[in-house]
Amino acid sequence: MKVTAFVGSARRRHTWSAAERLMKNLQSFGEVDYEIVALSDYTIGTCRGCKLCLDDGEELCPLKDDRDKLIGKIRTSDGVVFASPNYSFNVSGLMKVFLDRLGFLFHRPEFFGKTFTNIVVQGVYGGARINRYFDFIGKGLGFEVVHGCCLNSMEPMTDKDQEKCSRTIYKLSRRFYSSMIRKEYRVPTLFDLMVFRMARTSIFRVLDESRRDYQYYHRKGWFRTDYYYPVRFGFFKKGAGWVFDYIFSRGFAKKRERRRKKEPEWSSLITSPQPP
Ligand SMILES: Cc1cc2nc3c(=O)[nH]c(=O)nc-3n(C[C@H](O)[C@H](O)[C@H](O)COP(=O)(O)O)c2cc1C
C-alpha cells in the first residue's frame, strides 16, 4: 500500500516529524510505501477565481504549476494525510493555496475507497477546529475519513510532552491503518446520502450537457445510482433517498425556471447602500 502525506509547513520541524512518525508506525503494521511531500518544494499558484476548472474543465486553468503532479500523487495512493501547522487559528497559507487548487475535485469527487486523515501541529490553541475542517475537506473529496489529531509543540518540549505526541500519533496510525486495509466501502450516513442527492439533483436540474460537472456525473452514472459507489440500502434509506430527490427536484426546478426567464440571481439584487 502507498501512503502520501502533504505537509504545509515551509520548514521540516514538528509537522514534518509528526508525518514521518505516522508513516513509520504504518510501516510497522504492514507493507507500506510512503512519500512525504513538502508543499513548499512545489510550485503552487494562487487561484485567480476564474472558475474555468469548475465550469468547463480543470485543463483550462490559466495557472501553470505543479497541481496535476500533486493530484497524481493522491491518485496513486491508498492513503493520504494532510498535515499543517496551525497558523492564526487555521491551516497554513501554503496548505490553503494547495486546497484551493483542488477546488474542482469537490465538485467532481473521485477518491472513494482511499483513506484520509490529518495532523495539525500548534503552539497552544485552535487546532481542534482545524481538524474538523480537514475532516470536512476529506469527505468532500470522497475519501474515507479518519478523524485527525492535534499536537502541541510549544518549546521547550519535555519528555512527557514528546511521549504524549507519540501516543497520539500512534493511536491515529492504528485507526488509519485499520481503515486502509478494510475492503468494503463504508455505508453512507443519512447526511451523506442527502448531500449526494442534493448535489446530483442541482447538477441535473440547473446545469446542462455543456458543463463539466454534468458530464462527469453523467459519465459516472450518478444520475441513476443510489450513491457515489455501490451500496445496499435498507428500506428506510431507500425511502429517504426518494424523499430527498423529490424535495430537491422541486427546489432546483424553481431555480432553473428563474434562469430560463432570466430573472436576476439573488446576488445581483444586493445593491450598495446609496448615499443619503
Ligand atoms: C505565523 C504563525 C502563526 C501561528 N499561529 C498559531 C495559532 O494561531 N495558534 C497556535 O496554537 N499556534 C500558532 N503558531 C505556532 C505554530 O503552530 C507552531 O509553532 C508549529 O509547531 C509550527 O509547525 P512547524 O514546527 O512544523 O513549522 C503560529 C506560528 C506561526 C509562524
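Filter the stretch 31-43 for residues that are charged (D, E, K, R) and either surrounded by 17 or more Cβ atoms within 10 Å (Cβ to Cβ) or within 16 Å of the ligand (Cβ to nearest atom) (or both) and give the result. Across the stretch 31-43, the qualifying residue is only 41.
What are the residues in the stretch 39-68 that are more than 28 Å from residue 209 (Cβ to Cβ) and in contact with a Phe, Trp or Tyr (Cβ under 7 Å, 6 or more places away or on another chain), if any? Selection gives 39, 44, 66. Among the residues of the stretch 1-30, just one is within 13 Å of the ligand (Cβ to nearest atom), surrounded by fewer than 18 Cβ atoms within 10 Å (Cβ to Cβ) and of a type in the set (A, V, I, L, M), namely 10. Considering 113, 123, 127, the condition of being under 23 Å from residue 3 (Cβ atoms), within 10 Å of the ligand (Cβ to nearest atom), in contact (Cβ under 8 Å) with a residue 24 or more places away in the chain and of a type outside the set (Val, Ile, Thr) is satisfied by 127 alone. Quick check: is even one residue across the stretch 173-196 within 16 Å of the ligand (Cβ to nearest atom), in contact with a strand residue (DSSP E or B) (Cβ under 6 Å, 6 or more places away or on another chain) and among the aliphatic types (A, V, I, L, M)? Among the residues of the stretch 173-196, not one is within 16 Å of the ligand (Cβ to nearest atom), in contact with a strand residue (DSSP E or B) (Cβ under 6 Å, 6 or more places away or on another chain) and among the aliphatic types (A, V, I, L, M), which makes the answer no. Out of curiosity, is residue 113 under 30 Å from residue 216 (Cα atoms), outside the structural domain of residue 211 (by TED's automatic domain parsing), touching a strand residue (DSSP E or B) at 6+ places or on another chain (Cβ under 9 Å) and in a loop (DSSP other than H, G, I, E, B)? For residue 113, the condition - under 30 Å from residue 216 (Cα atoms), outside the structural domain of residue 211 (by TED's automatic domain parsing), touching a strand residue (DSSP E or B) at 6+ places or on another chain (Cβ under 9 Å) and in a loop (DSSP other than H, G, I, E, B) - is met. Only one of the listed residues (70, 54, 94) is touching a residue at least 60 places away in the same chain (Cβ under 8 Å) and within 16 Å of the ligand (Cβ to nearest atom). That residue is 94.
The values are calculated or read from the model by the stated rules, or taken from the named source; none is laboratory data. Keep in mind it's a predicted model, so treat the numbers as computed, not measured. FYI the Cβ positions are ideal-geometry reconstructions off the backbone, even for glycines, and counts take in every protein chain you see.
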